[in-house]
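K.L.:
After the structure tokens below, expect a handful of questions from me.
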Amino acid sequence: MLEYFEEKVKGREMKIGLLEDDNAIQEMLSLVLQDEGYVVTIYPTAEECLNALINPTQPQTSLPIDLLIVDWRLAGSVPGTEVIRTLRSNPSFDSLPIILTTAATFHNTDELQDLHVALLEKPFAVDEIVNLIKSLVLPGTVADG
């Protein structure tokens, strides 16, 4: 089982969902993550993200993603924390690693703990998000970088 995750953490076959409404950030993160070998699915809106993950058109035996990156403040939409809360209410998403990104100061650490998410404040360095992904997928390992 550990070998399976080691393969994934090296970027082989690991699928990352990206809920981000800013096109420039979408593009930058997508390129960086693909360069690391990850398969990236972009969800430009909360609705598209939830529909793809909770109401897929195809029956699923496993989750379509291995990790989700969510922007906290989504334009004209529910906050990213509400998307996470909706996902966490579904038992299939109990243990999905989630990274919440924000350019604003996020003070509610209780909410972060309740939602079981890691917080990454913008702007962040590319290696910060790559190392955070590795630490979430393989806890207890030191990410090389």
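The values are calculated or read from the model by the stated rules, or taken from the named source; none is laboratory data. Nothing here was measured: the structure is a model prediction, and the numbers come from that model. Note that we place each Cβ from the backbone using ideal geometry, even for glycine, and neighbour counts take in every protein chain shown.
K.L.:
If only one of T105, T41, T81 is polar (S, T, N, Q), crowded, with 16+ Cβ neighbours inside 10 Å and over 24 Å from E13 (Cβ atoms), which one is it?
P.N.:
T81
K.L.:
Can you find a residue that is basic (K, R), modelled with pLDDT under 95 and not in a loop (DSSP other than H, G, I, E, B) anywhere in the range 1-14?
P.N.:
yes
K.L.:
Mind checking which residues of the range 84-130 are in contact (Cβ under 8 Å) with a residue 40 or more places away in the chain and assigned to a helix (DSSP H, G or I)?
P.N.:
The answer is F93, V126, I129, V130.
K.L.:
Still on this structure, please answer the following. Residue check, V70 against (1) modelled with pLDDT under 95; (2) not in a loop (DSSP other than H, G, I, E, B), all met but one. Which one?
P.N.:
(1)
K.L.:
Being assigned to a helix (DSSP H, G or I) and more than 12 Å from the chain's Cα centre (by Cα) is the requirement here; does A75 meet it?
P.N.:
No, not satisfied.
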